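For reference, the structure discussed in these notes is given below.
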Amino acid sequence: MYKELPPLPWLRAFDASARLGNFTLAAEELGLTPSAVSYQVRGLEAELGHKLFLRERKSLVLTRLGQAYLPVVSKAFADLDATTSSLFGRGAEEEINLRCLSSLNLLWLLPRIGRYRAAYPGSRLRLLSATWGEPAEGEAVDVDIRYGDGTWPDGESHLLLNHEVIAVCAPQHRGDGRAETLAATPLIELVGVVDTWPHFFAQHGPGLTPPEAVFKVDQSLIALELAVHGQGVTLVAEVFAQPYLDSGRLVRATDLSLTARQGHYIVLPSGRNPHRPEVQRLVRWLREEAATP
C-alpha cells in the first residue's frame, strides 16, 4: 500500500520551499536548518527521478513538473490538517490576515462582515487596509483584495468584482445628464485608475474639452464625500457609489457610464498556504457575497 508515496518529511520540505521561495525561509517554518531542507528536497527529487526546482542564486523556481505537483501536495497536507483539527479538536482556528483596499473595506466589506461572523462565529480575522493595488510588503497577508487587471506575479488571482464606472453628485447639483453639461461642471478626479474623466468624455462627448478637475484624490471614499458636500461630480466604481445612492446622499449625475477595464481581484499570495480551510472558506464567502445583488 502507498508504494509510490515518498517520505512525508521530504514532501513537507518541498511544500514549504515552494511556497516560500527558498530553503532558508522553509527551514524557519519547519524548525530545521537550510541544509537539512535542501537535503530532503534533493532526496525527493532523487526518489521521483525528476527535478522539482531550478535553483537560482537567491530563490527557487519550480519546474513544470514541480508546478504540477505542488497543488496536490499542498492540498493533501491541508486536508490532513483540517481533518485532524475537526476530529481531535486541535485548538482554535488560525487567524486570517485579510488585506483590502480602504474604500472597498469601508463601503463593501464592513457592511457585510457581520454575516460572515454570524455564519462562522469561531473565525478570527485581522483586517488590513491598503490604498493601491500593490503587493503587500512586510505583512503576512493570507487573502489580498486588489484593484487592477489581475496580472500580479506574486500570487494566484481570481476576479471578485467588476462594475460599471458611473458619475455621481449631490441631488441638488444634478443637471440634465448630458455630456456637454458635465463638461461645464466642477469635476472631482480619482488618480491612479484607468477609467477617468478624459476617457469618459472621449467616449460620450467627442470634441468636448473638459475642465481641469477642481479636486484630485487617491481614494474613492474621499471623492464620494467631496461630492456629498456639493464640491462637484465624481467618477467612481458603482460598487463604491451604491451605499450613497441607496441612502439618497448622492444621485447619478447622468445615465452615461464606462465599462470598467479593471476590477477587484482576490489574490492568494504565493508565500502563504492558500489551501488552509479557513482561507478557502473566506474566499468562498467573498465570492458568494460578490455574486449577491
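The values are calculated or read from the model by the stated rules, or taken from the named source; none is laboratory data. Every value quoted in this text rests on a predicted model; they were computed, and no experiment measured them. FYI the Cβ positions are ideal-geometry reconstructions off the backbone, even for glycines, and counts take in every protein chain you see.
Listing for the model above:
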read-out	value
Subset of segment 175-220 (residues that are touching an Asp or Glu at 6+ places or on another chain (Cβ under 7 Å) and in contact (Cβ under 8 Å) with a residue 60 or more places away in the chain)	GLY177, GLY192
Filtered residue count, segment 256-274, keeping only those that are closer than 20 Å to VAL194 by Cβ, polar (S, T, N, Q) and assigned to a loop (DSSP other than H, G, I, E, B)	2
Yes/no for PRO206 being more than 28 Å from HIS264 (Cα to Cα), in contact with a helix residue (DSSP H, G or I) (Cβ under 8 Å, 6 or more places away or on another chain), of a type outside the set (Gly, Ala, Ser) and surrounded by fewer than 17 Cβ atoms within 10 Å (Cβ to Cβ)	no
Residue list for segment 31-43, restricted to those being in a helix (DSSP H, G or I) and surrounded by fewer than 20 Cβ atoms within 10 Å (Cβ to Cβ)	PRO34, SER35, ALA36, TYR39, ARG42, GLY43
Selection status of ARG112, more than 23 Å from LEU5 (Cα to Cα), not small (Gly, Ala, Ser) and not in a helix (DSSP H, G or I)	no
Residue count for segment 44-71, restricted to those that are in contact (Cβ under 8 Å) with a residue 24 or more places away in the chain, out of contact with any strand residue (DSSP E or B) (no Cβ under 8 Å at 6 or more places or on another chain) and not in a helix (DSSP H, G or I)	2
Boolean, PRO153 is assigned by TED's automatic domain parsing to the domain that holds GLY232, loosely packed, with under 14 Cβ neighbours inside 10 Å and free of Cβ contacts under 8 Å to residues at least 24 places away in the same chain	no
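Results for (1) aliphatic (A, V, I, L, M); (2) touching a strand residue (DSSP E or B) at 6+ places or on another chain (Cβ under 8 Å), shown as yes or no for each residue.
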| position | (1), (2) |
| --- | --- |
| HIS173 | no, yes |
| PRO198 | no, no |
| VAL214 | yes, yes |
| VAL217 | yes, yes |
| ARG249 | no, no |
| ASP255 | no, no |
| ASN273 | no, no |
| GLU278 | no, yes |
| ARG284 | no, no |
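Yes/no per residue for (1) of a type in the set (Val, Ile, Thr); (2) assigned by TED's automatic domain parsing to the domain that holds ALA130; (3) in contact with a Gly (Cβ under 7 Å, 6 or more places away or on another chain):
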residue	(1), (2), (3)
VAL239	yes, no, no
LEU245	no, no, no
GLY248	no, no, no
THR254	yes, no, yes
VAL267	yes, yes, yes
HIS275	no, yes, no
GLU278	no, yes, no
LEU282	no, yes, no
LEU286	no, yes, no
